[in-house]
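Input: a single structure, listed below in structure tokens.
The values are calculated or read from the model by the stated rules, or taken from the named source; none is laboratory data. The structure displayed is predicted, hence computed values, not measured ones. Ideal geometry is used to build each Cβ from the backbone, glycine not excepted, and the neighbour counts take in all protein chains shown. Side chains are part of the model used for accessible areas, which takes the heavy atoms of the whole protein and leaves out ligands, DNA and RNA. Shrake-Rupley method; radii C 1.70, N 1.55, O 1.52, S 1.80 Å.
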Amino acid sequence: MLMHATPCIDPADDGWGTLSLQTGEWHASAECAFGQPADIHVYKAELSAGESQIGVSAALLSPAERARADRFRFPHDRARYIMAHGALREIVGAYAGIPPERIEFSFSRYGKPALSGFQPGIGIEFNMSHAGDVALIALSEVGPLGVDIEHVREETDPGQLAEACLTPGEIRMLGTMPVHERIETVYRWWTRKEALAKALGEGLAQPLTRYQVVPPFVTREGGGPAGRHPWGVWDISPYPGYVATLVANGAVRSVRLLVHEPRGLIA
């Protein structure tokens with residue numbers, strides 16, 4: 001199922017983005033190629049795996065990635081890291097035409113990865129986020145993008161989380177909602193902010209309170225980073241209990257949701 005990027009609001013002149021219809025069903029991955037130049041593909045990858053599968057994924061990692069994996073204190077955190085970065089290499093390699101173990105990444109000053117050097121597929125933009133046992137990996141050829149996923153923890157105090165990441169206007173809007181909706185709403189808005197920060201290449205260098213991520217989309221300073229095409233914002237629901245957001249160049253035509261199958265599980 002393709003989700004077309006039809007905005008459901010008109011951006012204000014000083015807005016940074018447009019909110020698009022929520023994405024739909026997830027499908028098995030097929031050919032690793034974009035149907036149209038302005039498409040985005042978003043993969044979800046399961047991070048829970050047995051020792052044999054973890055070993056297959058670990059063999060794809062660079063020496064630096066394996067060293068980082070070994071520094072995790074708890075085995076389950078190490079396994080999640082290996083599975084997430086193995087999936088990233090498999091997916092990016094399939095689109096770029098590079099064996100996953102031969103991919104070389106470069107990193108921006110804020111840590112955002114890209115294909116380095118003169119490798120095939122150098123024009124592919126990608127981004128990854130993981131939480132709990134799920135990772136999301138988004139790819140496109142139309143420009144920068146960012147994706148973020150969070151595991152909604154019902155025991156979270158929505159007021160404390162709101163103070164840490166929401167603008168005063170967003171806090172007022174949150175206060176008008178039924179109490180039982182506030183936890184998931186704060187997490188949803190949080191993912192929008194982190195996805196935008198990653199699309200901009202800023203990571204967490206700027207405070208999350210800088211941008212308002214509910215219509216109208218504005219910055220605290222006024223104006224926004226949209227440029228010619230305001231950023232597109234897609235809310236994604238990968239699993240019950242998880243929320244996620246994709247932010248990408250506003251010229252995007254459609255978003256396709258796919259399920260990643262690790263190399264070791266392919267017959």
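Do we have Ala67 as open to solvent by 30 Å² or more (accessible area, probe 1.4 Å), modelled with pLDDT under 95 and part of a helix (DSSP H, G or I) here?
no
State the number of residues belonging to segment 130-156 that are open to solvent by less than 10 Å² (accessible area, probe 1.4 Å) and over 19 Å from Tyr211 (Cα atoms).
Count: 7.
Within segment 157-175, can one find any residue that is within 22 Å of Lys112 (Cβ to Cβ) and crowded, with 23+ Cβ neighbours inside 10 Å?
No, segment 157-175 contains no residue that is within 22 Å of Lys112 (Cβ to Cβ) and crowded, with 23+ Cβ neighbours inside 10 Å.
Out of all the residues in segment 41-51, which are under 17 Å from Glu90 (Cα atoms) and either open to solvent by less than 50 Å² (accessible area, probe 1.4 Å) or over 18 Å from the mean Cα position of the chain (by Cα) (or both)?
Hits for segment 41-51 are His41, Val42, Tyr43, Lys44, Ala45, Leu47, Ser48, Ala49.
Ile54 is checked against (1) among the aliphatic types (A, V, I, L, M); (2) open to solvent by 40 Å² or more (accessible area, probe 1.4 Å); (3) without any contact (Cβ under 8 Å) to a residue 40 or more places away in the chain and fails just one. What number does that condition carry?
It is condition (2) that Ile54 fails.
Taking the condition of being modelled with pLDDT under 95, crowded, with 16+ Cβ neighbours inside 10 Å and farther than 16 Å from Phe34 by Cα, how many residues in segment 115-129 meet it?
Number satisfying all stated conditions: 2.
Could you please find all residues in segment 222-240 being at pLDDT below 60 and either over 24 Å from Glu150 (Cβ atoms) or among the hydroxyl-bearing types (Ser, Thr, Tyr) (or both)?
Gly222, Gly223, Ala226, Gly227, Arg228
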